[in-house]
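Reviewing the structure listed below.
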Amino acid sequence: MLTRRIIPCLDVRDGRVVKGKKFTDIVDVDDPETLGAFYSEAGADELVFYDITASSEARKISLEFIEKVATRINIPFCVGGGVKTLEDFTEILRKGADKVSINSSAVKTPDLITEASLKFGAQCVVLSMDVKKTQEGQWRVFINGGRIDTGLDALEWAVKGVELGAGELVINSIDADGMKEGYDIPLLKAITDRVGVPVIASGGAGKMADFSEAVLKADVDGVLAASVFHYREIEISTLKADMKRKGIQVRI
Amino acid sequence: MKVIVDYGLGNLKSLQTALEGQGIETLISKDPGVILEAEVIFLPGVGAFRDAITSLAADGLDEVVREKSRAGAYVVGICLGMQLLYDRSYENGVYEGLGLIPGEIVKLREMPKIPHMGWNDLTVAREDPLTRYLTTGDYVYFVHSYYARSGGEEIVAWTGYGEKIPAIVRRGNTIGFQFHPEKSGAVGAALLKALGEMIS
């Protein structure tokens with residue numbers, strides 16, 4: 001049986017791993033290949049690196065971490081952050097990443113999803129969405145690190161993204177991110193009910209039960225988290241044993 | 001000499017690094033002259049069947065691979081590379097493959113989620129030097145939307161995703177992995193080790 005995936009997420013800036021709380025108060029943790037190798041050994045099923053380097057000039061240098069990661073680990077990994085063009089896709093995949101995630105640029109240029117999907121295959125194209133609930137109770141897509149409300153309905157955008165060619169969705173709840181009070185189950189459930197591609201939960205994991213809850217209640221294919229892994233609050237092997245006890249298929 | 005055929009699709013470095021980790025030294029090349037000298041030919045692959053087979057044929061590599069296979073060289077296909085080994089594919093049209101293994105490449109249909117992406121377990125179907133370090137239940141990493149439908153004689157190990165999906169296949173000196181051994185952690189490394197012992 002296909003297993004549910006445990007995915008540590010590493011935010012990279014200027015070639016170093018950082019973790020933001022609600023996208024601010026950034027703290028330095030470690031270098032990407034060392035943390036990547038650590039997680040690969042620890043039983044992570046996949047890794048995600050988001051490059052949050054501000055300027056595109058600095059990004060070019062920052063992205064050199066991809067080659068180092070590719071030679072150190074033998075599990076799949078995805079790279080995102082600042083991806084705007086097909087050339088960005090080509091460069092990241094050439095450096096050894098297995099998937100590329102797009103976020104703001106997909107909203108601004110939806111054709112990019114289709115073009116990348118046709119060129120590299122849907123499995124390479126991960127649509128990442130930052131979602132926040134408005135006061136009227138609508139789930140909205142935000143871009144530019146959660147700063148700009150696009151006005152797009154998150155559920156509609158998820159369906160549209162898959163139609164355009166995205167092979168996987170990463171749903172990051174801005175409301176839940178960094179709060180460590182669990183994933184946004186209603187949001188995730190609403191999305192897994194509507195799409196036929198893998199959905200990865202992101203934002204809000206604080207304790208082991210949160211991971212199982214996202215799988216059991218929202219039927220997500222993977223669960224992504226950062227700080228609980230970086231600060232060793234949760235060990236992946238212990239987490240997987242816990243999920244297995246709850247009847248969830250995991251790779252042990 | 002062992003060659004990874006570069007037909008312009010995706011990153012070959014991960015595969016080369018993983019092989020090197022098991023003592024399998026390879027060259028990356030698309031030069032027919034170089035590939036004609038190889039005793040082991042790796043066909044990697046991500047992307048679409050049509051692009052891959054067209055690109056191979058454009059350089060005359062499809063004939064080179066067939067000729068080498070007839071002469072006894074090992075041909076090892078990985079993911080899309082494995083699908084190329086079969087007679088034909090129905091991915092967005094009908095395209096002839098290398099015809100080294102009887103069978104066809106057809107779309108996965110039975111499951112709600114396509115592609116079949118993630119870690120799935122293998123069931124060993126028959127003893128083979130390739131499975132020396134493999135145990136039924138071991139997990140490997142899959143990413144694909146099409147699979148090989150055949151008589152099944154070539155199946156060494158399979159996985160389940162709605163139906164039986166050939167995962168490791170072998171017909172004489174023709175070998176295929178539907179998953180990515182180079183991305184399959186320790187299990188993948190052990191499979192490449194077994195492969196290395198077989199082809200060295």
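The residues listed here are A:219, A:193, A:242; of these, the one that is of a type outside the set (Lys, Arg), farther than 24 Å from residue A:163 by Cα, modelled with pLDDT of 95 or more and out of contact with any Pro (no Cβ under 6 Å at 6 or more places or on another chain) is A:242.
Counting only residues that are within 14 Å of chain A (Cβ to nearest Cβ) and open to solvent by 30 Å² or more (accessible area, probe 1.4 Å), the range B:138-159 holds 4 of them.
Would you be able to tell me the number of residues in the range A:223-242 that are among the aliphatic types (A, V, I, L, M), within 18 Å of residue A:9 (Cβ to Cβ) and part of a helix (DSSP H, G or I)? Full working, then the answer.
Quick first cut of the range A:223-242, residues among the aliphatic types (A, V, I, L, M) only: A:223-226, A:228, A:234, A:236, A:239, A:241.
Pick out the ones that are also within 18 Å of residue A:9 (Cβ to Cβ) and you get A:223-226, A:228, A:234, A:236, A:239.
Next cut, part of a helix (DSSP H, G or I) only: A:228, A:236, A:239.
Residues flagged as among the aliphatic types (A, V, I, L, M), within 18 Å of residue A:9 (Cβ to Cβ) and part of a helix (DSSP H, G or I) within the range A:223-242 amount to 3.
Among the strands (runs of 3 or more DSSP E) confined wholly to the range A:119-222, which include 1 or more residues that are of a type in the set (Phe, Trp, Tyr) and buried (at least 18 other Cβ atoms within 10 Å of the Cβ)?
Details: elements: A:125-133, A:139-143, A:148-153, A:168-173, A:199-202.
Counting at least 1 such residues, we get A:139-143.
Please tell me if residue A:234 is open to solvent by 20 Å² or more (accessible area, probe 1.4 Å) and more than 16 Å from the chain's Cα centre (by Cα). No.
Please go through the range A:58-85 and give me each residue that is away from chain B (no Cβ under 14 Å), assigned to a loop (DSSP other than H, G, I, E, B) and either touching a Gly at 6+ places or on another chain (Cβ under 9 Å) or in contact (Cβ under 8 Å) with a residue 24 or more places away in the chain (or both), ordered by number.
Once the filter is applied, which keeps residues that are away from chain B (no Cβ under 14 Å), assigned to a loop (DSSP other than H, G, I, E, B) and either touching a Gly at 6+ places or on another chain (Cβ under 9 Å) or in contact (Cβ under 8 Å) with a residue 24 or more places away in the chain (or both), the range A:58-85 yields A:81, A:82, A:84, A:85.
Each residue in the range A:87-108 was checked for being open to solvent by 20 Å² or more (accessible area, probe 1.4 Å) and within 14 Å of another protein chain (Cβ to nearest Cβ), and 5 pass.
The set of residues in the range A:1-19 being assigned to a strand (DSSP E or B) and without any contact (Cβ under 8 Å) to a residue 60 or more places away in the chain consists of A:13, A:16, A:18. Anything in the range A:172-201 that is among the acidic types (Asp, Glu), within 14 Å of chain B (Cβ to nearest Cβ) and under 21 Å from residue A:46 (Cβ atoms)? List them, or say none. Within the range A:172-201, no residue meets the criteria. Only a single item in (1) more than 13 Å from chain A (Cβ to nearest Cβ); (2) in contact (Cβ under 8 Å) with a residue 12 or more places away in the chain; (3) not hydroxyl-bearing (Ser, Thr, Tyr) is not met by residue B:172, and it is number (2). For the range B:4-39, filtered to residues that are of a type in the set (Val, Ile, Thr) and more than 11 Å from every other protein chain (Cβ to nearest Cβ), the residue that is farthest from the chain's Cα centre (by Cα) is B:34.
Results for (1) in contact with a Leu (Cβ under 6 Å, 6 or more places away or on another chain); (2) within 13 Å of chain A (Cβ to nearest Cβ), shown as yes or no for each residue.
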residue: B:41; (1), (2): no, no
residue: B:59; (1), (2): no, no
residue: B:72; (1), (2): no, no
residue: B:86; (1), (2): no, no
residue: B:92; (1), (2): no, yes
residue: B:98; (1), (2): yes, no
residue: B:105; (1), (2): no, no
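On the given criteria, is residue A:51 over 30 Å from residue B:121 (Cβ atoms), of a type outside the set (Gly, Ala, Ser) and modelled with pLDDT of 90 or more? Yes, satisfied. For the range B:108-151, the set of residues classified as touching a residue at least 40 places away in the same chain (Cβ under 8 Å) and basic (Lys, Arg) consists of B:109, B:132, B:149, listed by residue number.
Taking the range B:90-116 as the range and being in contact with an Asp or Glu (Cβ under 7 Å, 6 or more places away or on another chain) and either on the phi > 0 side of the Ramachandran plot or open to solvent by less than 30 Å² (accessible area, probe 1.4 Å) (or both) as the test, the residues that pass are B:97, B:98, B:99, B:101, B:103, B:105.
The values are calculated or read from the model by the stated rules, or taken from the named source; none is laboratory data. Keep in mind it's a predicted model, so treat the numbers as computed, not measured. Neighbour counts run over all protein chains shown; Cβ positions are idealised from the backbone, glycine included. All accessible areas refer to the heavy atoms of the entire protein, side chains included, with ligands and DNA or RNA removed. Shrake-Rupley method; radii C 1.70, N 1.55, O 1.52, S 1.80 Å.
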